[in-house]
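Q: Here it is, the structure, as structure tokens.
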Amino acid sequence: ETLQRIVSTLVNKNDEIHNFIDMLNHTISNVQVNSSNAISELDEEFDGLYSVLHEMKGSMANTIQQEEARKIQALQDQLSQCSHALESSEELLELAVQSLDIKNPAKLLEAARQIKDSVTVASAFRLSLKPKVSDSMAHLMVDFALEKRMLQAVKFLPVPKAPEIDVAACLVADNCITVSWRMPEEDSRIDHFVLEYRKTNFDGLPRLKGEQHWELIDYIKATQYTLSGLKFDTKFVNLRVQACNKAVAGEYSDPVTLETKAFVFSLDSTSSHLNLKVEDTYVEWDPTGGKGQEKIKGKENKNRSNAASPKRGTNSPRASARGSRDRFAGESYTVLGDTAVESGQHYWEVRAQKDCKSYSVGVTYRNPGKFDQLGKTNSSWCIHINNWLQTTFSAKHNNKAKTLDIPVPDRIGVYCDFDGGQLSFYNANSKALLHTFRTKFTQPLLPGFMIWCGGLTVSTGLQVPSAVKTLQRSENGLSGSTSSLNNVAQ
């Protein structure tokens, strides 16, 4: 036995090492992929910067060219005016020189008057001999000294540190998981958090092979988040959190594993009545006699030596097919769950179709007879709803019925405390108590369902609701007080 324990420990350690090797190889692959992505993003950022600079350069060069064209045009206009004035002045000078050769005093006087009038209006005297524009282009120069220093100071963005999940503050209840975390140090640049969770049947570090994908909840502003409405169809859930600023996400926190206890079962189609059509967690009355269903044959004599269906605990594998000899017959339109309750407290819910004529919800020991109906034997307990002609609502056990003078809810919750000998039925919506059976269970219990003219949907993977726990504590306390009074009276 000692050697077997040692070998078992070694096998588990080898399994952990194999899992760690897979994780390391996966991490190496991710590092390579993420490095390539980072280089691509870096190229994209710098290409974007180059593009902006190139666009700015083109715009500023265009401004310089426009200024150059404006100045040259102004100077050329001024040059043209000067050339025209000079040409007029030279013509006037030539005329004056010619006038000096005139001998007739009267003609000379007339010529002199004309020259005087021409000189008075000559354009040369109206010209500004100062350039209209300067040749300086210094006002269109740029200085990137500050920008260069800024670019030289550019570094990789600060990456937020990994958050730390506070396991003690995490809560698993009512098929909800509340996760709390904190940052190892204050970081005002944190914009939001990302929470990832994954269901698993392994207690320990997350595995790579045979695991479900991570489910992601993004843009969480607080340091706490509640995952609600979950179905706990695995034993555990892995959780991890990462912090993000405006540009980059940090490393994930160390993953934590929380236990998610719940009762999970399916309907056992191999032992149902032939008039029932069964699919996992749904059963429907089928007037065709199940002709459309696949029959399972050749296993009639399997496991008969045990005098009961193969023993199943809440954590055991699915029961073996039990064959047609175990099917219900006659008017016992019954199907059982495939997982037995042998200890502990468990809860599941049932919803009936609105037009369902008659159905029962309860539990039974493992060996009901083929013609037995729920609640009509001393080994089964149920509540029964009959909507045929008029509605009746009753609790049944050992062929005795107690009428329940309360409205029939559209969803019924079943609470089974095997060790405490208690079976309670609730309005699944309001959690109001419908009825309680108290007894001592001497054999494992199977969930049982009987249906006629309609269908039932079973919800499993549910935890015992907190409201039910509170009612149970209250009811058990009252029951204990009553029991003490009865003992005194006796």
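Q: Give segment 46-68 a look and list any residue that's open to solvent by less than 80 Å² (accessible area, probe 1.4 Å) and in contact (Cβ under 8 Å) with a residue 40 or more places away in the chain, or say none.
A: 60, 63, 64, 67
Yes/no per residue for (1) buried (at least 21 other Cβ atoms within 10 Å of the Cβ); (2) part of a strand (DSSP E or B); (3) in contact with a strand residue (DSSP E or B) (Cβ under 7 Å, 6 or more places away or on another chain); (4) at pLDDT 95 or above:
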{"residue": "408", "(1), (2), (3), (4)": "no, no, yes, no"}
{"residue": "414", "(1), (2), (3), (4)": "yes, yes, yes, yes"}
{"residue": "425", "(1), (2), (3), (4)": "yes, yes, yes, yes"}
{"residue": "436", "(1), (2), (3), (4)": "no, yes, yes, yes"}
{"residue": "441", "(1), (2), (3), (4)": "yes, no, no, yes"}
{"residue": "448", "(1), (2), (3), (4)": "yes, yes, yes, yes"}
{"residue": "457", "(1), (2), (3), (4)": "no, yes, yes, yes"}
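Q: Could you check segment 259-273 and list, in sequence order, the residues that are of a type outside the set (S, T, N, Q), surrounded by 17 or more Cβ atoms within 10 Å (Cβ to Cβ) and outside any loop (DSSP other than H, G, I, E, B)?
A: 263, 267
Q: Still on this structure: Select from segment 353-370 the residues that are open to solvent by 10 Å² or more (accessible area, probe 1.4 Å) and either among the acidic types (Asp, Glu) or within 37 Å of the chain's Cα centre (by Cα) (or both) and list them in ascending order.
A: Listed by number, the residues that qualify are 353, 354, 355.
Q: In segment 224-240, what count of residues is obtained for those that are open to solvent by less than 30 Å² (accessible area, probe 1.4 Å) and assigned to a loop (DSSP other than H, G, I, E, B)?
A: 3
Q: Against the conditions (1) in a loop (DSSP other than H, G, I, E, B); (2) in contact with a strand residue (DSSP E or B) (Cβ under 8 Å, 6 or more places away or on another chain); (3) under 18 Å from residue 335 (Cβ atoms); (4) open to solvent by 10 Å² or more (accessible area, probe 1.4 Å), where does residue 375 fall short? Just the number, please.
A: The single condition residue 375 does not satisfy is (4).
Q: Taking residue 244, is it surrounded by 13 or more Cβ atoms within 10 Å (Cβ to Cβ) and more than 27 Å from residue 26 (Cα to Cα)?
A: Here the answer is no, as residue 244 does not meet what is asked.
Q: Okay, next question. Filter segment 121-144 down to the residues that are open to solvent by 100 Å² or more (accessible area, probe 1.4 Å) and outside any loop (DSSP other than H, G, I, E, B), then identify the one that is modelled with the lowest pLDDT.
A: 125
Results for (1) outside the structural domain of residue 53 (by the TED database); (2) free of Cβ contacts under 8 Å to residues at least 60 places away in the same chain, shown as yes or no for each residue.
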site: 107; (1), (2): no, yes
site: 113; (1), (2): no, yes
site: 117; (1), (2): no, yes
site: 120; (1), (2): no, yes
site: 123; (1), (2): no, yes
site: 135; (1), (2): no, no
site: 158; (1), (2): yes, no
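Q: Another one. With the requirement that a residue be of a type outside the set (Ser, Thr, Tyr), more than 30 Å from residue 75 (Cβ to Cβ) and open to solvent by less than 50 Å² (accessible area, probe 1.4 Å), what does segment 91-111 give you?
A: 96, 111
Q: Continuing with this model, one more query. In a helix (DSSP H, G or I) and touching a Lys or Arg at 6+ places or on another chain (Cβ under 6 Å): does that describe residue 19?
A: Yes, satisfied.
Q: Hey, residue 329 hits all of (1) surrounded by fewer than 23 Cβ atoms within 10 Å (Cβ to Cβ); (2) among the small types (Gly, Ala, Ser); (3) assigned by the TED database to the domain that holds residue 464; (4) under 22 Å from residue 287 (Cβ atoms) but one; which does it fall short on?
A: Evaluating residue 329 over (1) surrounded by fewer than 23 Cβ atoms within 10 Å (Cβ to Cβ); (2) among the small types (Gly, Ala, Ser); (3) assigned by the TED database to the domain that holds residue 464; (4) under 22 Å from residue 287 (Cβ atoms) leaves (3) as the failure.
Q: Please tell me if residue 77 is open to solvent by less than 100 Å² (accessible area, probe 1.4 Å) and either within 17 Å of residue 128 (Cα to Cα) or not assigned by the TED database to the domain that holds residue 116 (or both).
A: Yes: the conditions hold for residue 77.
Q: Which one of the conditions (1) out of contact with any Asp or Glu (no Cβ under 8 Å at 6 or more places or on another chain); (2) open to solvent by less than 60 Å² (accessible area, probe 1.4 Å) does residue 71 fail to meet, given that it meets all the rest?
A: (1)
Q: Suppose we filter 344, 420 for residues that are touching a residue at least 12 places away in the same chain (Cβ under 8 Å) and on the phi > 0 side of the Ramachandran plot; which single one remains?
A: Exactly one residue qualifies, and that residue is 344.
The values are calculated or read from the model by the stated rules, or taken from the named source; none is laboratory data. All of these numbers come straight from a predicted model, not from anything done at the bench. Methodologically, a virtual Cβ is constructed for each residue, glycine included, from the backbone with ideal geometry; neighbour enumeration extends over all protein chains shown. Ligands, DNA and RNA are excluded from the accessible area calculation, which covers all protein heavy atoms including side chains. Shrake-Rupley method; radii C 1.70, N 1.55, O 1.52, S 1.80 Å.
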